[in-house]
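In what follows, a structure is listed as structure tokens, so that the remarks can point back to it.
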Amino acid sequence: MTERLLERYRMLLAQLLFEREAAGGDLPEEEESRFVAALDDVLRQLGPSVQAEIDRIDREVTQVPLQVAEDPHFVDLAVAEGTSVLPRKAA
Amino acid sequence: MFITAQHVVSPVSKLEGINTFLFVHDGQAWEHVSVPDIPDQNPGVLRAQSISVMPPGNRVRSYLDIVAPDEVRWDDVRVGLAEFVGRCSSGPLPWAGESRNGYLRIGMERALSSAWQRELAILYRAAQVLWMAHGR
């Protein structure tokens, strides 16, 4: 149960941070409040005993670079309107 | 609908920018297409593009592929992408998988991963701009 809630917390936080960036830095208050309420709900269910885990998740989501298993290895293509080709190919 | 935003860099000029492409699937019923196959095998017909760095031959530093029904509401794309990011972000890039209304793929160079949310947001906004101008 705790692991599931911690994962939910991490997912919500990652979603919120992406939504903020996608909105240019600030979400509408209603959207921000919705995320805050959802995060608060998870924290209430978790309780204070997992604060260290919460802090770890906060650091990982906000500060740790995302792992990349494989760099893209593509070069782009010129595609004419009306045609049907993915505009990149393996380098 | 298949829309892809690619952060590219010219090997000659070193100029960087975002190129975005919008493909549509007129006449193809959504329930009859193989959604994961769309980008590589059935991208659709290119309806519009926005080019910052002239192809071909530029290195692709990051990409965001969005597959959804032609008539999708953009708000649903945004929510689906945010949920996808939340779900995938505990694992390494590249990511590929279903979203609430289609299919998504995201890839990025390691050099960009320290600011991955900003990079992804830039790709997303480029896709959004093209969709708003030329989508249904």
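Here are some notes:
- C-alpha long axis of helix A:51-63 to longest principal axis of chain A, angle in °: 20
- Counting every C-alpha pair in the protein assembly as shown, the share spaced more than 23 angstrom apart comes to 49%.
- Converting the Cα gyration tensor eigenvalues of segment B:23-136 into ellipsoid dimensions via √(5λ) gives semi-axes, longest first, of 22, 18, 14 Å.
- Distribution of pairwise C-alpha distances over chain A, 10 Å bins, in %: 13, 31, 24, 18, 12, 2
- Solvent-accessible area of segment B:1-43 (1.4 angstrom probe, protein heavy atoms only): carbon and sulfur portion equals 52 percent.
- Inter-centroid distance (Cα atoms) of segment B:52-80 relative to segment A:12-50, Å: 25
- Farthest towards the positive end of the charge dipole of the protein assembly as shown, among the residues A:Ala37, B:Ser114, B:Ile38, is the Cα of B:Ser114, using unit charges on the Cβ of Lys, Arg, Asp and Glu.
- Computed E for B:Ala111/A:Glu32 - FRET, C-beta separation, R0 35 angstrom, nearest 0.05: 0.70
- In the full protein context, chain B carries 42 Å² of accessible surface per residue, based on a 1.4 Å probe and ignoring ligands, DNA and RNA.
- If you model segment A:1-47 as an ellipsoid using its alpha carbon gyration tensor, with each semi-axis the square root of five times an eigenvalue, the axes come out at 22, 11, 5 Å, biggest first.
The values are calculated or read from the model by the stated rules, or taken from the named source; none is laboratory data. Nothing here was measured: the structure is a model prediction, and the numbers come from that model. Don't worry about glycine lacking a Cβ; one is built from the backbone with ideal geometry, like all the others, and counts go over all protein chains shown. SASA here: full protein model, heavy atoms, side chains in, ligands and nucleic acids out. Shrake-Rupley method; radii C 1.70, N 1.55, O 1.52, S 1.80 Å.
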